[in-house]
Amino acid sequence: MATICSTHCRSYPSLQPVSSPSSKLGHVPQHVTLSSSASKRFLAAKVSLKSQSDSNEVAVHTHQPQQSDGAATAAAVPVDIDTTQKLLNSELLSFTSAEESRAEASSYNNGNESVSITVVGASGDLAKKKIFPALFALYYEDCLPKHFTIFGYARSKMTDAELRTMVSKTLTCRIDKRENCGEKMDEFLKRCFYHSGQYDSQENFAALDKKLKEHENGKASNRLFYLSIPPNIFIDAVKCASSSASSGNGWTRVIVEKPFGRDSESSAALTKSLKQYLREDQIFRIDHYLGKELVENLSVLRFSNLIFEPLWSRQYIRNVQFIFSEDFGTEGRGGYFDNYGIIRDIMQNHLLQILALFAMETPVSLDAEDIRNEKVSSLYILL
Ligand SMILES: NC(=O)C1=CN([C@@H]2O[C@H](COP(=O)(O)OP(=O)(O)OC[C@H]3O[C@@H](n4cnc5c(N)ncnc54)[C@H](OP(=O)(O)O)[C@@H]3O)[C@@H](O)[C@H]2O)C=CC1
Ligand SMILES: O=C1O[C@H](COP(=O)(O)O)[C@@H](O)[C@H](O)[C@H]1O
């Protein structure tokens, strides 16, 4: 049995058959099916990639060429790996995101630099559910620099202690058998602070700047603002952060959560407005699906396993289904879905990203731009 390598050096014992997505009440399964014409001489088989923590799946229905005795010939397909493929394989196998992040984090320690992360909209759902737990995971893995401070910023009145209590409820040691997790959580929470302010107040951001400086304690400062707020206040917050709280001697960067507008025109308008205050290389647009283990592992599964690479084509794959299912209902999202639309919420971003990653040709390298170019090409082909 071949080992399926993952970016986290975890091995999967075997490929399990995928079960049909359950249609429990409250589930909203959404399927994107890519089909090519099926040939009768192929047997359909299903394999699934399923991460332990995700309910979302990518189901691949493969065609296995059938020999006269019924045995599948997949393993007998000659494998011709060209130089690019070899390079890619070695990049994939040597790539460990945590190691790279640790190295990046420690580069700030050598220069005695600080990094301050401000979660703008810290009282909200995304901050609680995803951002603080993700920051804690980075801290646990030593992927944050030695001198880092996290500030929550929002209009709600809260003390530092109240922010810590709120955040502590959603921190988890997501992987089993994590050592000293409780201790690490306490250390992490001590580095979290809160500042209450309006999103359009230069004065309130200037007060944040003062607090950040106290924590930076004379060190070179690098500042990251994570916009975890509704899109209609992005520009106000960016304007105030850049004019009243940006770094004087390091970098200032802004992470923007989707939605990046509701259509191409409004997306361009958003970018144009952001660029009044930031250069393009200061703006980081996030699609959190690309950070999911399941999705990250797709590339490794494709390019580092000789059994898949030669089979990954329309010649052998009859259809691919992307199944998005949540085990909860609309909850507080009714108004948002009514205004913005459930398709814009996940389909044209998260699911299309996965589709492109799945369908793209082999990129020249694993650099973000090479992967992006191949993804764009695959989307053109689908048009
Ligand atoms: N929740 C999720 O899972 C995901 C969310 N996103 C995106 O991330 C961003 C934040 O999402 P989420 O945390 O769910 O949003 P919330 O509605 O929870 O808003 C975040 C915070 O922003 C402030 N806020 C809310 N509405 C307004 C308003 N009309 N005017 C001014 N301030 C307001 C509130 O803080 P206060 O009142 O204290 O100022 C609130 O706690 C959004 O752009 C969303 O589309 C993207 C992916 C997933
Ligand atoms: O961006 C979004 O994603 C979540 C689903 O993400 P997951 O990581 O929890 O699987 C979705 O619930 C939300 O509506 C959407 O805005």
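Just so you know, all these numbers are worked out from the coordinates, no wet-lab data involved. Treat the numbers as computed from the prediction; the structure is a model and nothing was measured. When we count neighbours, we look across all protein chains shown, and the Cβ atoms used for this are built from the backbone with ideal geometry, even at glycine.
Tabulated data for the structure shown
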quantity	calculated
Cα centroid separation, region 301-354 to region 227-263 (Å)	28
10 Å-binned pair-distance histogram of region 111-257 (Cα, whole percent)	12, 44, 35, 9, 1
Vicinal HN-Hα couplings computed from phi for region 208-217 (Karplus, 6.51 cos²θ - 1.76 cosθ + 1.60; Hz; Gly/Pro x)	5, 4, 4, 5, 4, 4, 4, 6, 6, 6
Kirkwood hydrodynamic radius of region 295-383, Cα pairs, Å	15.1
Amide H partners (placed H, <5 Å) of PHE193, local residues excluded	ILE150, PHE151, GLY152
Sequence ranges 325-338, 184-197, ranked by mean other-Cβ count within 10 angstrom, highest first	184-197, 325-338
Over region 111-257, relative contact order from alpha-carbon pairs under 8 Å, at least 6 apart, %	32
Mean Cβ count within 10 Å, highest first, over the residues of peptides 287-296, 101-110	287-296, 101-110
Proximal lysine pairs, region 111-257, alpha carbons under 15 Å, eight or more residues apart or interchain	10
Dipole axis of region 153-300 (+1 Lys, Arg; -1 Asp, Glu on Cβ), positive-most option in SER264, ALA154, CYS181	ALA154
Length gained when the stretch THR362-THR330 is fully extended (0.36 nm per residue, less Cα-Cα span)	7.7 nm
Share of pairwise Cα separations in region 265-321, more than 12 Å, in percent	77
Sequence-distant residues sharing a close amide H with ALA122 (under 5 Å, placed H)	TYR153, ALA154
Residue-wise HN-Hα coupling along region 189-206, computed from phi with Karplus coefficients 6.51, -1.76, 1.60 (Hz; x: Gly, Pro)	4, 5, 8, 9, 9, 9, 9, 8, x, 7, 7, 10, 10, 4, 4, 5, 6, 5
